[in-house]
């Protein structure tokens with residue numbers, strides 16, 4: 001994932017992660033490394049889909065879907 005694309009992410013953008021999980025951005029600290037998001041789907045750990053904000057590392061993001 002390009003750092004430029006990561007910096008452009010805004011709250012409400014949907015994320016597709018490399019592990020197949022999906023999340024919605026809640027906050028972007030503009031550091032190019034992290035996004036904060038809430039999982040909407042997780043293939044291996046459904047307990048993460050609990051409405052709690054989680055930090056997601058840039059290298060774990062496959063695609064940002066506006």
query = residue 6 versus (1) modelled with pLDDT of 95 or more; (2) surrounded by 14 or more Cβ atoms within 10 Å (Cβ to Cβ): which is the lone unmet condition?
reply = (1)
task = Take segment 53-66 and flag every residue that is at pLDDT 95 or above and assigned to a loop (DSSP other than H, G, I, E, B).
result = 53
note = Taking segment 31-43 and the residues there that are at pLDDT 95 or above and exposed (fewer than 15 other Cβ atoms within 10 Å of the Cβ), the one that is nearest to residue 7 (Cα to Cα) would be 40
request  = Name every residue in segment 17-52 that is touching a helix residue (DSSP H, G or I) at 6+ places or on another chain (Cβ under 9 Å), on the phi < 0 side of the Ramachandran plot, touching a residue at least 24 places away in the same chain (Cβ under 8 Å) and outside any strand (DSSP E or B), in order of residue number.
outcome  = 18, 19, 21, 33
inquiry  = Looking at residue 15 and the list (1) modelled with pLDDT under 95; (2) surrounded by 11 or more Cβ atoms within 10 Å (Cβ to Cβ), which single condition is not satisfied?
reply    = (1)
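The values are calculated or read from the model by the stated rules, or taken from the named source; none is laboratory data. What you are looking at is a predicted structure, and each value in this text was computed from that prediction instead of being measured. Glycine also receives a Cβ, built like all others from the backbone with ideal geometry; neighbour counts cover every protein chain displayed.
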